[in-house]
1. How big is the antiparallel share of DSSP beta bridges in segment 85-220, given as a percent to the nearest 5?
2. Rank GLY273, GLY146, GLY100 by mean-square fluctuation in a GNM of the chain with C-alpha springs under 10 angstrom and give only the top-ranked residue.
3. Per residue, how much accessible area does the chain show when a 1.4 Å probe rolls over the protein heavy atoms, in square angstrom?
4. Quote the charge dipole size of the chain about the Cα centre in Debye, to the nearest 20; the model charges only the Cβ of Lys and Arg (+1) and of Asp and Glu (-1).
5. Run the accessible area of the chain with a 1.4 Å probe and give the carbon-and-sulfur part as a rounded percent.
6. Can you give the Kirkwood hydrodynamic radius of the chain from its Cα pairs, in Å with one decimal?
7. Which value does Rg/Rh take for segment 18-80 over its C-alpha atoms, Rh per Kirkwood?
8. So what's the gap between the Cα centers of segment 318-364 and segment 1-72, to the nearest angstrom?
Amino acid sequence: MASLSIRNVRKVYPNGNEVLKGIDLEIEDGQFLILVGGSGCGKSTLLNMIAGLESVSEGEIMIGDRVVNNVAPKERDIAMVFQSYALYPTMTVRENISFGLGIRKIPKAEQKEIVERVASILQITHLLDRKPALLSGGQRQRVAMGRAIARDPSLFLFDEPLSNLDAKLRVEMRAEIKRMHQRLGSTIVYVTHDQIEAMTLGDRIAVMKDGVVQQFGSPQEIYDQPSNLFVAGFIGSPSMNFLRGKLIPDGNGAAFELDHAGQKSLLSLPLNGNAEAVSRWIGRDVVLGIRPEHVTDAMSAHNSSGNSEHGAYRPTEVDCMVELTEPTGPDTLVVARFNDAPVTCRTHPRAAATPKQPLKLAFDLTKALLFDPTSELRIA
């Protein structure tokens, strides 16, 4: 396996279109890097540049201690797993997995040993003599992974490998890919637009937008401390709630004043050690962000109010009007109106009111974040 260094990498096409605008990423040997973002953010272009399928306009890419900018793809010691599986339809599973080994002149006995080991890891031993047409989507993806593992590369590249699978298979294959990483200790770069895949698989996540890495860090760091409004809204399902208002003095602290549709409400904010940063924004417009799991029905909040990492707290209760409910089984997602501003929350199934009924919601403001509405950067 090998480390990966991406240093000030840019990609500019002949028509002047700049797709990547100075990417800097470092991952250690054995780490799992996720490149995540919406369509057109540049994540697949970056993966193709790592693979050698796209040229580098500026900067350098290092695999291990070797700069590979001008190294042919077959000489980079990488293996790719594609969205489309890319299996040979006339070959059996055994032949698909061993195909690259044959090209490399690996002895037949060693090929057989490698194929059997890989098939055992991926639990596809019973499929070795079948052809791809007789396999399910999940089985085909396992074969594609097996072909990559058999090569024993320095670096694995995954290009949205689960997007063709149904929801149940995606969950199963996420677990399979994670098990593979744990068994092999492999270095992986994985492209996806699915933030759930990003959160569940990666050691490190690079959130991309418009050819720029918006934030690079661990899944929990990006979830708890997003660097800006884009990251905060992109990571998390359902998305973070954003309320626009003003910070005003509140005793020795600050309160968030929501003025929406001519109605005003105040939410007193715990400073969470951010007193200095917050004080600079008193009297100014801000965006308050809070995740749906930190807004719930008053009864559930009361039952869990002693479990906050900030110690015992009293959640701020507000009266809202229910607009929409979405039962999920363990909880119910509720879209409610707070001063006519929409807020999504998670409630106990028995506590969720029906549409057009009032509901008292509790905000855990120890988990609220503040953002600059102009730069969109996080303030506190």
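1. 55 percent
2. With Cα springs under 10 Å in the chain, the top fluctuation among GLY273, GLY146, GLY100 is at GLY273.
3. Using a 1.4 Å probe on heavy atoms only, each residue of the chain averages 47 Å².
4. 1080 debye
5. The computed percentage sits at 47.
6. So the Kirkwood estimate lands at 23.5 Å.
7. Here the Rg-to-Rh quotient is 0.93.
8. Centre-to-centre (Cα) distance: 43 Å.
The values are calculated or read from the model by the stated rules, or taken from the named source; none is laboratory data. All values derive from a computational prediction rather than experimental measurement. Reconstructed Cβ throughout: ideal geometry from the backbone, glycine too, with neighbour counts over all protein chains shown. Each accessible area value is taken on the protein alone, full model and side chains, heavy atoms only, with ligands, DNA and RNA left out. Shrake-Rupley method; radii C 1.70, N 1.55, O 1.52, S 1.80 Å.
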